[in-house]
Amino acid sequence: MTEALFYHLERASLESVLPGLLEKTLERGWKAVVRCGSRAGVERIDETLWTYSEESFLPHAADLERASEQPIFLTDSDETPNGAGVLFLVDNAAADAASLGAFTRCVTIFDGRDESALANARAFWKAVKAEGYDATYWKQSPQGRWEKQA
């Protein structure tokens, strides 16, 4: 059954959190699709994955031409050409909760300082729960560690 995880950003930025979560995804041997709310978001995440660390690299594609060859695909649509088992929803991207069964895991990362993002995450949480998926909510502690809240 699909597992839904919700990460509530309050202290950190998406650009500082996403690479670590993607590294953990690849360590498990999973492929990921990162769905952004806009093409500008795709370009920003693409740049982040090239520059976030001098010591590591996250292989990825942001265009369909090379998508099937990469373990991480960045998009602003609902396509999954790399056969990803993990869906990341970032930058106010949306998904139909009924379609999550195609994935092992859905990770929603939302900015708690953005009222619109917060409202969208709450609505998606309700939809995910209504579909019967297991959902967990993660929030950062004052020390920056992720703590399971629900």
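The values are calculated or read from the model by the stated rules, or taken from the named source; none is laboratory data. If you're wondering where the values come from, they're calculated on a predicted model, not measured in any experiment. Because the Cβ atoms are built from the backbone with ideal geometry, glycine has one as well, and the counts that use them run over all protein chains shown. Just the protein is used for accessible areas: all its heavy atoms, side chains included, with ligands, DNA and RNA removed. Shrake-Rupley method; radii C 1.70, N 1.55, O 1.52, S 1.80 Å.
Of the residues Ser77, Ser116, which is within 20 Å of Asp46 (Cβ to Cβ) and of a type in the set (Ser, Thr, Tyr)? Give the steps one after another, and end with the answer.
Working: Ser116 fails: within 20 Å of Asp46 (Cβ to Cβ).
Answer to the check: Ser77.
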Near pairs, Cβ below 6 angstrom, 6+ apart or cross-chain, from the stretch 66-78 (surrounded by fewer than 22 Cβ atoms within 10 Å (Cβ to Cβ)) to any residue that is β-branched (Val, Ile, Thr)
Asp76/Val42
I'd like to check something: does the stretch 44-61 contain any residue that is surrounded by 17 or more Cβ atoms within 10 Å (Cβ to Cβ), within 30 Å of Gly132 (Cα to Cα) and modelled with pLDDT of 95 or more?
no
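Every residue, every condition in (1) in contact with a Leu (Cβ under 9 Å, 6 or more places away or on another chain); (2) more than 14 Å from Phe110 (Cα to Cα); (3) hydrophobic (A, V, I, L, M, F, W, C), yes or no:
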{"site": "Val17", "(1), (2), (3)": "yes, no, yes"}
{"site": "Leu22", "(1), (2), (3)": "yes, yes, yes"}
{"site": "Arg28", "(1), (2), (3)": "no, yes, no"}
{"site": "Val42", "(1), (2), (3)": "yes, yes, yes"}
{"site": "Ile45", "(1), (2), (3)": "yes, yes, yes"}
{"site": "Trp50", "(1), (2), (3)": "yes, yes, yes"}
{"site": "Ser53", "(1), (2), (3)": "no, yes, no"}
Can you pull out the residues in the stretch 30-40 that are within 15 Å of Pro59 (Cα to Cα) and either charged (D, E, K, R) or out of contact with any Leu (no Cβ under 7 Å at 6 or more places or on another chain) (or both)?
Trp30, Lys31
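Residue under question is Tyr52, and the condition is that it be of a type in the set (Phe, Trp, Tyr), over 12 Å from the mean Cα position of the chain (by Cα) and over 12 Å from Ala4 (Cα atoms); does it hold?
Values: of a type in the set (Phe, Trp, Tyr): yes; over 12 Å from the mean Cα position of the chain (by Cα): yes; over 12 Å from Ala4 (Cα atoms): yes.
Spelling it out, Tyr52 is indeed of a type in the set (Phe, Trp, Tyr), over 12 Å from the mean Cα position of the chain (by Cα) and over 12 Å from Ala4 (Cα atoms).
Across the stretch 49-79, what is the total count of residues that are closer than 22 Å to Phe103 by Cβ and in contact with a helix residue (DSSP H, G or I) (Cβ under 7 Å, 6 or more places away or on another chain)? Outline the logic, then answer.
Going through the stretch 49-79, the residues closer than 22 Å to Phe103 by Cβ turn out to be 49, 58-64, 66-79.
Cutting the leftovers down to in contact with a helix residue (DSSP H, G or I) (Cβ under 7 Å, 6 or more places away or on another chain) gives us 49, 58, 60-62, 71-76.
Qualifying residue count for the region: 11.
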Answer yes or no as to whether Asn92 is in contact with a helix residue (DSSP H, G or I) (Cβ under 6 Å, 6 or more places away or on another chain), open to solvent by 60 Å² or more (accessible area, probe 1.4 Å) and either touching a residue at least 12 places away in the same chain (Cβ under 8 Å) or among the aliphatic types (A, V, I, L, M) (or both).
yes
Which members of the stretch 103-147 meet the condition of being loosely packed, with under 13 Cβ neighbours inside 10 Å, modelled with pLDDT under 95 and in contact with a strand residue (DSSP E or B) (Cβ under 9 Å, 6 or more places away or on another chain)?
Arg113, Asp134, Ser141, Glu147
Restricting to the stretch 1-43, name every residue that is open to solvent by less than 40 Å² (accessible area, probe 1.4 Å), assigned to a helix (DSSP H, G or I) and free of Cβ contacts under 8 Å to residues at least 60 places away in the same chain.
Pro19, Gly20, Gly41, Val42
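I'm checking my understanding of the structure. Among residues of the stretch 107-129 that are of a type in the set (Gly, Ala, Ser) and over 14 Å from the mean Cα position of the chain (by Cα), which one is farthest from Leu14 (Cα to Cα)? Break it down stepwise before answering.
Within the stretch 107-129, the subset of a type in the set (Gly, Ala, Ser) is 112, 116-117, 119, 121, 123, 127.
From what is left, the residues that are over 14 Å from the mean Cα position of the chain (by Cα) are 112, 116, 119, 123, 127.
Values: Gly112: 11, Ser116: 16, Ala119: 17, Ala123: 20, Ala127: 23 Å.
The residue in question is Ala127.
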